[in-house]
Amino acid sequence: MKQKKRWSDYLWIAELLYLCLGLFNILFAWLGMLFFCIPLLVAIVGGSKAYCNRYCGRGQLLGLLGEKLKLSRNVPPPKFLRSPWFRYGFLTFFMIMFGLMLVSTWKVFTGAPLSETVTLLWVFRLPWQWADVSFAAPWMAQFAFGFFSVMLTSTILGLTTMVLFRPRSWCVYCPMGTMTQGICKLRNGRKAKSCGGTGKTNCGAAQAPRQ
């Protein structure tokens, strides 16, 4: 019997809509803070990785593209992606980039000129112009450009590992997954019997769901 779809099965639409809105007007990038804060709140308050397991629109989108549309090679990701040194190293690198983005926002807040640029993979500047942001405070626009750069870069990395390996290989080293895993361990203890109602013996680590 085919399982009935739940509303949460369609959250991939929110992920796709976010990317489209950000390309239409960069100020929509602020909506991405929901994707940043909600997983952390779920882990802190509930002590679970329920967001990663059920509500992550990006994971759903990668699964849809990889499984339904057959865009993935569907082979196991390399072991180093699962290793703690890589996951926490990637998280550290990602947070440094996020910190630099906040520094740029602060500089604009204190009077530096606005840089209306989205940077892909922290190196390549996207060539097209963005919608008018003159009605917003310059620092708000600067944050939007920087945050959308982070979100778009992580999406590209997710799509790349989807094509090369299993559809949701991004989940193996996703910075948000690594952070929520750490919060779960701190909140529930390393030997917690259950995390997120899954019945697993740990907090669901930053591992891709079985394909």
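Is there any pair linking a residue in the stretch 74-87 that is touching a residue at least 60 places away in the same chain (Cβ under 8 Å) to one that is part of a helix (DSSP H, G or I) and not aliphatic (A, V, I, L, M), with Cβ under 6 Å and at least six apart or on different chains, and which?
Here the result reads Leu81/Tyr173; Phe86/Phe80; Arg87/Tyr173; Arg87/Thr178, each pair linking the stretch 74-87 to a residue that is part of a helix (DSSP H, G or I) and not aliphatic (A, V, I, L, M).
Might you check whether a residue that is within 30 Å of Arg166 (Cβ to Cβ), free of Cβ contacts under 8 Å to residues at least 40 places away in the same chain and exposed (fewer than 15 other Cβ atoms within 10 Å of the Cβ) occurs anywhere in the stretch 94-106?
Within the stretch 94-106 (the criterion being within 30 Å of Arg166 (Cβ to Cβ), free of Cβ contacts under 8 Å to residues at least 40 places away in the same chain and exposed (fewer than 15 other Cβ atoms within 10 Å of the Cβ)), the answer is yes, since at least one residue qualifies.
Checking Asn53 against (1) modelled with pLDDT under 95; (2) more than 19 Å from the chain's Cα centre (by Cα), which single condition isn't satisfied?
(2)
Report yes if Met151 is surrounded by fewer than 23 Cβ atoms within 10 Å (Cβ to Cβ) and farther than 17 Å from Leu81 by Cβ, otherwise no. Break it down into steps so the answer makes sense when it comes.
Values: surrounded by fewer than 23 Cβ atoms within 10 Å (Cβ to Cβ): yes; farther than 17 Å from Leu81 by Cβ: yes.
Considered against the rule, which asks whether it is surrounded by fewer than 23 Cβ atoms within 10 Å (Cβ to Cβ) and farther than 17 Å from Leu81 by Cβ, Met151 comes out as yes.
Condition test on Leu120, is it over 15 Å from the mean Cα position of the chain (by Cα), within 22 Å of Met176 (Cβ to Cβ) and aliphatic (A, V, I, L, M)?
Details: over 15 Å from the mean Cα position of the chain (by Cα): no; within 22 Å of Met176 (Cβ to Cβ): yes; aliphatic (A, V, I, L, M): yes.
For Leu120, the condition - over 15 Å from the mean Cα position of the chain (by Cα), within 22 Å of Met176 (Cβ to Cβ) and aliphatic (A, V, I, L, M) - is not met.
Hey, any hits in the stretch 126-134 for a residue that's out of contact with any Gly (no Cβ under 9 Å at 6 or more places or on another chain), surrounded by 17 or more Cβ atoms within 10 Å (Cβ to Cβ) and more than 17 Å from Leu23 (Cβ to Cβ)?
no
Under 7 Å between Cβ atoms, at least 6 apart or on separate chains: pull out the pairs that start in the stretch 112-123 with a residue that is farther than 19 Å from Phe94 by Cβ and end on any residue that is in a loop (DSSP other than H, G, I, E, B).
Glu116/Trp130
The values are calculated or read from the model by the stated rules, or taken from the named source; none is laboratory data. Note that the structure is predicted; figures quoted are calculated from it, not measured. Cβ coordinates were reconstructed from backbone atoms using ideal geometry, including for glycine residues, and neighbour counts include every protein chain displayed.
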